[in-house]
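Visitor: Sharing a structure here in structure tokens format.
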Amino acid sequence: MKKYCFLLALSLSSLQGGAQDISLDEDPPHRYQTSYGINFNNNAGLIGGGMIKHVRSINYKQYHLFYLDVVNVKHPKEQRTQSRLSGESFIPGKQNYLILIRPQYGRELILFRRAAEQGVQVAASFSTGPTFALIAPYLIEYRFGTGNIRLEQYDPSRHPSFDQVIRTARFGESIARSKLGLAASLRAAMGFEFGNFRSNVTGVEVGVIADFLAQKVIIMPLAENRQNYFSIFVNIYYGSRH
């Protein structure tokens with residue numbers, strides 16, 4: 001992770017050095033921009049979550065950045081299997097879902113601006129803020145003997161055999177029983193925006209993010225769990241500017 005952070009910082013520094021010819025006295029080509037997208041990161045599955053990004057101009061080169069993303073954190077040991085009793089899939093050994101909600105504030109720095117109607121714009125962004133950790137129990141339907149079936153949170157001391165798992169509860173049932181934890185996050189990214197029209201934009205953002213939780217969340221009690229998370233992410237988004 002230190003290697004990735006160093007490479008990102010080096011790229012930002014070199015690109016910023018090439019962008020010093022932008023005059024701060026010029027009017028920005030747009031006052032604000034709002035974008036929506038999907039998130040991919042190495043702490044999640046195929047799709048990590050979703051994001052919203054809103055920027056407002058300070059001058060020709062700098063923007064206020066308001067950022068929000070919601071991502072699902074998975075344990076690296078998670079692996080789906082099928083119930084011997086019902087054939088439905090479940091994750092053996094999983095005790096909790098961990099969902100991170102990150103509202104952040106920061107700055108976006110334009111390094112290379114695209115032409116009015118086409119081209120690529122390159123920007124660096126930095127943001128920080130609180131993180132709300134939604135901790136939801138992983139509920140399983142378990143057979144404790146003939147006719148004794150209960151729906152409850154997985155506990156290795158109460159559910160020693162995965163052969164007796166029938167199914168998992170719907171995600172909404174778990175969220176209804178969730179608890180809230182607190183954390184803080186730091187984020188740095190490079191963004192590349194494309195578009196053929198002045199008011200619409202499509203972009204890709206690549207960066208690193210660190211989350212520091214107030215307590216360790218037990219996702220899988222039979223494996224090692226972490227209190228702090230570091231990830232590399234990619235956002236693909238679409239938005240409009242005015």
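Visitor: Taking the Cα-to-Cβ direction at residue 78 and at residue 38 and moving 7 Å from each Cα, how far apart do the two end points lie in nm?
Guide: So the label points at residue 78 and residue 38 sit 1.6 nm apart.
Visitor: Now, a different point. Using the basic label-point model (7 angstrom from Cα toward the beta carbon), what is the residue 132 to residue 85 distance in nanometres?
Guide: The modelled label-to-label distance comes out at 3.6 nm.
Visitor: Net charge within 12 Å of residue 239 by Cβ-Cβ distance, Lys/Arg positive one each and Asp/Glu negative one each, not counting residue 239 itself?
Guide: 0
Visitor: Could you give the longest part of the chain that holds none of the GluC sites (Glu not before Pro) found in DSSP loops with at most 15 neighbouring Cβ atoms within 10 Å?
Guide: Longest gap between qualifying sites, sites excluded: 118-223.
Visitor: Moving on. With an 8 Å Cα cut-off and a minimum separation of 6 or more residues, compute the relative contact order for the chain in percent.
Guide: Relative CO of the chain lands at 21 percent.
Visitor: Find the relative contact order for the stretch 114-242 and round it to a whole percent, using C-alpha pairs within less than 8 Å whose residues are 6+ positions apart.
Guide: 27 percent
Visitor: Another question about this same structure. Over its Cα atoms, what ratio of radius of gyration to 2.2 N^0.38 Å does the stretch 50-111 give?
Guide: 1.88
Visitor: If you filter the stretch 69-135 for trypsin sites (Lys or Arg not before Pro), then keep DSSP loop positions with at most 11 other Cβ within 10 Å, what is left?
Guide: 80
Visitor: Would you calculate, for the chain, the mean residue ellipticity at 222 nm contributed by helices, counting each DSSP H stretch of 4 or more residues as -39,500 (n - 2.57) and dividing by all residues, to the nearest 500?
Guide: It lands at -3000 deg cm²/dmol.
Visitor: Work out which chymotrypsin sites (Phe, Trp or Tyr not before Pro) in the chain are exposed loop sites (DSSP not H, G, I, E or B, at most 13 other Cβ within 10 Å) and give the longest gap free of them.
Guide: Free of exposed loop sites, the longest segment is 1-143.
Visitor: In nanometres, what is the gap between the two model label sites at residue 52 and residue 232, each 7 Å from Cα along Cα-to-Cβ?
Guide: 3.0 nm
Visitor: Tell me, what HN-Hα J-couplings in whole Hz come from the Karplus equation 6.51 cos²θ - 1.76 cosθ + 1.60 at θ = phi - 60° for each residue of the stretch 34-50, using x for Gly and Pro?
Guide: 10, 10, 10, x, 10, 10, 10, 8, 7, 9, 10, x, 4, 10, x, x, x
Visitor: May I ask for the net charge around residue 77, where only other residues with Cβ less than 13 Å from the Cβ of residue 77 are counted and Lys, Arg are +1 while Asp, Glu are -1?
Guide: Summing Lys/Arg as +1 and Asp/Glu as -1 gives +2.
Readers should treat all values here as calculations from the given coordinates under stated rules, not as data from a laboratory. All of these numbers come straight from a predicted model, not from anything done at the bench. Neighbour counts are summed over all protein chains in view; Cβ atoms, including those assigned to glycine, are modelled from backbone coordinates with ideal geometry.
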